[in-house]
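Right, one structure below, let's go through it.
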Amino acid sequence: TQSSWINHAYATLKDPLLRARYLLKLQGKEVGEKDQITDPGLLMRVMESREEIEMAQTESQMADIRLRNEKEVAAIVASLSQAFAGGDLDQARDLTHHLQYLRRIAQTVHGWEPSKAM
């Protein structure tokens, strides 16, 4: 049982999204998987990415989408670190929500196959 707890704790600490969700939960500001997008900029970004993924026909196109998403994830993680360091839990919650959607985009990109295009 203790080994399972340690493995779970390690996975939580290693993953920026899980870590942020855990830290927010400790402060009573949970972020749910089913939370709706309230930021119009984020909504637009998610919709554009989904459209790009649907239209992609080559590995090269998907690599571009993947790279752009990874850069955005890195920027969000850096901003999250600053928000937590500054005690801005509302900003941290918004950024965690943003990170959730970027994770979903990454998962979609990862599961993409040329035969599924078009």
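Taking residues in segment 5-27 that are free of Cβ contacts under 8 Å to residues at least 60 places away in the same chain, and partners anywhere that are β-branched (Val, Ile, Thr), the pairs with Cβ atoms closer than 7 Å and at least 6 places apart or on different chains are 18/12; 19/12; 22/12. One residue stands out in segment 38-63 among those that are of a type in the set (A, V, I, L, M) and loosely packed, with under 15 Cβ neighbours inside 10 Å: the one that is farthest from the chain's Cα centre (by Cα), namely 55. Taken over segment 67-118, residues that are within 23 Å of residue 30 (Cβ to Cβ) and of a type in the set (Lys, Arg) amount to 3.
I'd like to know if segment 29-37 contains one or more residues that are out of contact with any Gly (no Cβ under 8 Å at 6 or more places or on another chain), assigned to a helix (DSSP H, G or I) and surrounded by fewer than 17 Cβ atoms within 10 Å (Cβ to Cβ).
no
Residues of segment 64-74 that are over 12 Å from residue 16 (Cα atoms) and either surrounded by fewer than 15 Cβ atoms within 10 Å (Cβ to Cβ) or in contact (Cβ under 8 Å) with a residue 60 or more places away in the chain (or both): 64, 67, 68, 70, 71. Scanning segment 1-18 for residues that are closer than 23 Å to residue 97 by Cβ and open to solvent by 80 Å² or more (accessible area, probe 1.4 Å) turns up 8, 13, 14.
The values are calculated or read from the model by the stated rules, or taken from the named source; none is laboratory data. Everything quoted here is computed from the prediction, not taken from an experiment. Cβ coordinates were reconstructed from backbone atoms using ideal geometry, including for glycine residues, and neighbour counts include every protein chain displayed. Surface accessibility is based on the protein's heavy atoms, side chains included, excluding ligands, DNA and RNA. Shrake-Rupley method; radii C 1.70, N 1.55, O 1.52, S 1.80 Å.
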